[in-house]
Amino acid sequence: MLMGYGMGALALGPVISVLIPAVGWRATFVVLGLVFGAMGVAAAFIVCKSPVERGEDIETIAADGEQFTPLQVVQRANYWVYIFWAICMGAVGAGIIGHASTIASAMDAGPAAIVLATGLMSLTNGVSRPLWGFLYDRFRIEGVAVVVSLVLAVGLGLVQAALVMKSTPLLLVAGLAIGVGYGGVSPATATFMRTKFGIVNYKQNFGLAICCVAPYAFGAYILGVLLVTFGSYVVAVPYLFIILALGALFLIPANLMARAS
């Protein structure tokens, strides 16, 4: 499901690029809203019930660890450490992906390269999510989150190098790295909330986490403000390293706490 969510831009991009010139952006938004609304209603009839809703023994379900309510979750330090990390990593990924086409245009890349760069980011963002989920299931989540941070850092460095050198091939490699790193953020939320806070209140806790990490969507806006302020991606993109570094530094106490427990 998360893979499909990640690849949404790749699937819907061509459709939207046809609809907006044909009917305008307002009508396009209405069409998308109606389609997504209908899909949501249809999905409501087929989504599986949780073990608690199926009437299974809660004591048996909860035997694998302590179970937290949403109110208890927000009182835990490790929850806010994760939220801050996810916002920072998500802001970097969303910022670069949101500006992928204009970054390529600023390098005077051709139309084919622009489409390929944006497509690669969306494709790898979606395809990598099951892989990250596999790793989160088998290794300590705090350690895998460090790897996600490193992949995004490499991708960001490659973007900056591509801008300085005006290298389209390097930008495509950067797109792969950014897409893969960004793909590691959303699966982390699902695993983190399940393993740290239990399954009894998982739906509510997961929804709480999704709402709290939502500010990462402003990553593209932040990069846009930096671009307007400095007039160049070469100057604007390095500021994303500050956001990335702040999020990565928060993983240090998280890893120490995980080892201690």
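The values are calculated or read from the model by the stated rules, or taken from the named source; none is laboratory data. Since we're looking at a predicted model, the values are computed, not measured. Because the Cβ atoms are built from the backbone with ideal geometry, glycine has one as well, and the counts that use them run over all protein chains shown. Heavy atoms of the whole protein, side chains included, go into the accessibility calculation; ligands, DNA and RNA do not. Shrake-Rupley method; radii C 1.70, N 1.55, O 1.52, S 1.80 Å.
So which residues in the range 228-246 are within 16 Å of residue 218 (Cα to Cα) and among the β-branched types (Val, Ile, Thr), if there are any at all?
Hits for the range 228-246 are 228, 237, 242, 243.
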Checklist entry - In the range 51-73, how many residues are hydroxyl-bearing (Ser, Thr, Tyr) and either surrounded by 14 or more Cβ atoms within 10 Å (Cβ to Cβ) or at pLDDT 85 or above (or both)? => result 1
Next on the checklist: If I go through the range 12-39 residue by residue, how many of them are aliphatic (A, V, I, L, M), within 23 Å of residue 115 (Cβ to Cβ) and surrounded by 12 or more Cβ atoms within 10 Å (Cβ to Cβ)?
Outcome noted: 8
Checklist entry - Can you name the condition, by its number, that residue 156 falls short on among (1) open to solvent by 20 Å² or more (accessible area, probe 1.4 Å); (2) part of a helix (DSSP H, G or I); (3) hydrophobic (A, V, I, L, M, F, W, C)? => result (1)
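From the list 123, 170, which residue is in a helix (DSSP H, G or I), within 25 Å of residue 5 (Cβ to Cβ) and of a type in the set (A, V, I, L, M, F, W, C)?
Details: 170 fails: within 25 Å of residue 5 (Cβ to Cβ).
One residue alone meets the criteria, 123.
Considering the range 240-254 alone, what residues qualify as being at pLDDT 75 or above and either under 15 Å from residue 93 (Cα atoms) or open to solvent by less than 70 Å² (accessible area, probe 1.4 Å) (or both)? Write out each step before concluding.
Let us first name the residues in the range 240-254 that are at pLDDT 75 or above, namely 240-251.
Scanning the range 240-254 gives 240, 241, 242, 243, 244, 245, 246, 247, 248, 251.
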